[in-house]
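See structure below.
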Amino acid sequence: MQPLRGTDSIMWTIKFRNGTMKRFKFPIRTTPEGSIDPYGNTPAADMAKIAEPGFFNHNQQNGYRAGDPSELICK
């Protein structure tokens with residue numbers, strides 16, 4: 001497999017054992033690396049409020065919520 005890079009995309013061809021050939025073509029990055037600000041103008045998180053109700057981790061431990069016996073499948 002040899003990737004071919006053009007000005008706007010990268011492409012490669014794969015030949016499978018059964019003889020089928022498949023071509024893949026994807027656009028390449030058009031912005032300079034490191035130029036995107038993923039958080040934009042969002043304010044910094046207030047860590048004092050993180051334990052209050054309404055946040056995604058309320059009543060959770062290490063990303064998992066506490067188990068509820070009524071949700072278990074018992075046979």
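Quick notes
- Residue in segment 1-16 that is among the basic types (Lys, Arg) and either touching a helix residue (DSSP H, G or I) at 6+ places or on another chain (Cβ under 6 Å) or outside any strand (DSSP E or B) (or both) present: no
- Selected residue [of a type in the set (A, V, I, L, M, F, W, C) and at pLDDT below 80] from ILE10, ILE73: ILE73
- Cross-chain or 6+ apart pairs with Cβ under 9 Å, segment 23-36 first and among the hydroxyl-bearing types (Ser, Thr, Tyr), then at pLDDT 80 or above: THR30/ASP8
The values are calculated or read from the model by the stated rules, or taken from the named source; none is laboratory data. Note that the coordinates shown come from a computational prediction; the quantities given were computed from them, not determined experimentally. Here Cβ is always computed from backbone atoms with ideal geometry, including for glycine, and neighbour counts include all displayed protein chains.
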